[in-house]
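Shown next, in structure tokens, is the structure this report addresses.
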Amino acid sequence: MIPDFLLEKLNNDYSHDIVLDITNSYIKERKTTLRVNTIKSCMEEVKEILTKKGFKYSEVEWSNFSLIIENKTSEDIKTIDAYKTGKIYLQNLSSQLPPIFVEPKTSELILDMTAAPGGKTTELAALSNNESLITAIEKNKKRFERLKYNIDHLDAKKISVLNVDARNLDEYFMFDKILLDAPCSGSGTLNISTMDNFTEELIERSIMTQKNLIREAIKHLKLNGELVYSTCSILKEENENIIIELLNENESLELIPLDITEYNSIPKLPVKLEGTLCVKPNELYEGFFVAKIRKKN
């Protein structure tokens with residue numbers, strides 16, 4: 001049962017037809033998607049492995065390292081050696097987008113601010129061919145251990161892992177780029193089994209955390225540095241509103257419009273802040289928001 005307060009929020013943000021699409025996505029089972037870990041393998045090898053194991057798959061128009069599994073589940077993927085040895089990583093397609101927009105380069109200092117379980121951290125490493133210098137932060141001890149495991153399992157290098165609260169990061173840490181995949185309500189990933197845990201208090205707590213984290217991120221961004229902010233929420237109060245408030249209170253920041261010309265196949269929700277991206281949840285994609293900011297002076 002979808003809570004009345006969520007329906008009200010969705011209807012305030014979107015048209016009736018779009019709200020129907022969103023709520024329908026909550027009752028559909030998403031297909032399994034994965035990321036080929038290019039540190040350890042390549043698309044050709046993984047496709048050959050999957051074919052031999054009886055997996056049917058399709059490729060993703062905008063990615064050369066992503067696959068959609070058409071006939072089996074994530075639990076089936078976990079049984080094959082390619083998964084056990086870290087050649088593939090189970091990751092929703094929407095979750096793979098923020099690291100791409102970070103555009104990690106050789107020798108850049110990059111902060112993954114709330115990094116566990118490490119899917120985006122290790123993707124950053126893979127996108128830079130293990131040549132970016134990454135700091136990954138996670139305050140929760142159990143999730144911190146999972147982060148360390150995944151980094152090692154996927155053979156991601158040049159990553160420093162800190163078990164601290166990102167809101168209390170020492171002031172001497174400065175970065176060329178920061179990925180803040182902020183804790184959120186998860187309104188873009190909901191299904192019937194998780195609906196009971198979705199509350200108004202969760203949204204309010206998430207917004208407070210998001211504002212604190214994004215302001216802290218700006219403190220650790222070098223001049224001309226870039227921040228990619230993302231959530232798995234589709235509520236504007238956790239997304240565009242956070243960015244608009246930040247830009248209004250800080251004249252040293254500017255929005256960098258995302259180049260999404262290659263992403264026509266991705267279902268999108270309308271945004272009120274042009275240059276940001278909000279992915280519409282469906283049977284393939286989780287709902288997800290991405291924005292990019294530069295510290296100009």
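The values are calculated or read from the model by the stated rules, or taken from the named source; none is laboratory data. Just so it is clear, the structure is predicted and the values come from calculations on it, not from any experiment. Heads up, the Cβs are rebuilt from the backbone with ideal geometry, glycines too, and the neighbour counts pull from every protein chain shown. When the accessible area is computed, the model is the full protein with side chains, heavy atoms only, and any ligands, DNA or RNA have been set aside. Shrake-Rupley method; radii C 1.70, N 1.55, O 1.52, S 1.80 Å.
What distance in nm separates the two pseudo spin-label positions at Arg146 and Ser74, each 7 Å out from Cα along the beta-carbon direction?
1.0 nm
How many percent of all Cα-Cα pairs in segment 231-281 sit more than 16 Å apart? Working shown, then result.
Working: 555 of 1275 pairs.
Of the Cα pairs, 44 percent sit more than 16 Å apart.
Of the heavy-atom accessible surface of the chain (probe 1.4 angstrom), what whole percent is carbon and sulfur? Intermediate results must be reported in sequence, preceding the final value.
On the way: 6400 of 13520 Å².
So the carbon and sulfur contribution to the accessible surface is 47 percent.
Exceeding 29 Å between C-alpha atoms, which entries from my cross-link table qualify? They are Lys9/Lys105; Lys9/Lys78; Lys120/Lys142; Lys141/Lys280. Can you show the working numbers first?
Numbers: Lys9/Lys105 39 Å; Lys9/Lys78 37 Å; Lys120/Lys142 18 Å; Lys141/Lys280 32 Å.
As for pairs spanning more than 29 Å Cα to Cα, those are Lys9/Lys105; Lys9/Lys78; Lys141/Lys280.
Which value, in Å to one decimal place, does the Kirkwood hydrodynamic radius take for segment 144-221 when every pair of different Cα atoms is included? Could you put the intermediate results ahead of the total?
Numbers: mean 1/r = 0.0667 Å⁻¹.
Here the Kirkwood hydrodynamic radius works out to 15.0 Å.
Once you sort the root eigenvalues of the Cα gyration tensor of segment 87-147 as a ≥ b ≥ c, which label holds: rounded (a/c under 1.5), prolate (a/b larger than b/c) or oblate (the other case)?
Oblate, since a/c reaches 1.5 and b/c is not below a/b.
So who's got an amide H within less than 5 Å of the one on Thr32, skipping anything under 5 residues away but keeping other chains? H placed 1.01 Å off N, in plane.
Ile69
Between Asn129 and Thr85, what length in nm is gained on full extension when 0.36 nm per residue of separation is reduced by their alpha carbon distance?
Values: separation 44, 0.36 × 44 = 15.84 nm, distance 1.84 nm.
The Asn129-Thr85 span can extend by a further 14.0 nm.
Express in Å², to the nearest 10, the accessible area of Leu127 obtained by rolling a 1.4 Å probe over the protein heavy atoms while all chains stay in place.
Taking all protein chains as shown, Leu127 has close to 60 Å².
When DSSP beta bridges are limited to those with both residues in the chain, what percentage is antiparallel, rounded to the nearest 5? The partial results should precede the final answer.
On the way: 23 of 40 bridges.
Just about 60 percent of them are antiparallel.
With the Cα gyration tensor of segment 1-80 giving a ≥ b ≥ c as the square roots of its eigenvalues, does the rule (a/c under 1.5 for rounded; else a/b larger than b/c for prolate; else oblate) give rounded, prolate or oblate?
Working: a/c = 3.40, a/b = 2.46, b/c = 1.38.
Taking the square roots of the gyration eigenvalues as a ≥ b ≥ c, segment 1-80 is prolate.
Which residues in segment 12-32 have a backbone N closer than 14 Å to a point placed 7 Å from the Cα of Ile244 along the Cα-to-Cβ line?
12-14
Quickly estimate the mean residue ellipticity at 222 nm for the chain, helices only: each DSSP H run with n ≥ 4 gives -39500 (n - 2.57), and the total goes over all residues, rounded to 500. Walk me through the numbers before you get to the answer.
Details: 10 runs with 96 residues, N = 297.
That comes out to -9500 deg cm²/dmol.
Name the shape class, rounded, prolate or oblate, that the alpha-carbon gyration tensor gives for segment 184-297, where a ≥ b ≥ c are the square roots of its eigenvalues, rounded holds for a/c under 1.5, and otherwise prolate holds if a/b is larger than b/c and oblate otherwise.
Values: a/c = 2.51, a/b = 1.35, b/c = 1.86.
It comes out oblate by the Cα gyration axes.
Could you order Arg146, Arg167, Arg30 by accessible surface area, starting with the largest, using a probe radius of 1.4 Å?
Working: Arg146 115, Arg167 75, Arg30 55 Å².
Largest accessible area first, the residues go Arg146, Arg167, Arg30.
Take the eigenvalues of the Cα gyration tensor for segment 38-123, scale each by 5, and report the square roots as semi-axes in whole Å, largest first. The partial results should precede the final answer.
Details: eigenvalues 124, 36, 32 Å².
Semi-axes from the Cα gyration tensor: 25, 13, 13 Å.
Determine the per residue accessible area of segment 155-297 with all protein chains present and a 1.4 angstrom probe, expressed in square angstrom.
Working: 6340 Å² over 143 residues.
Accessible area per residue: 44 Å².
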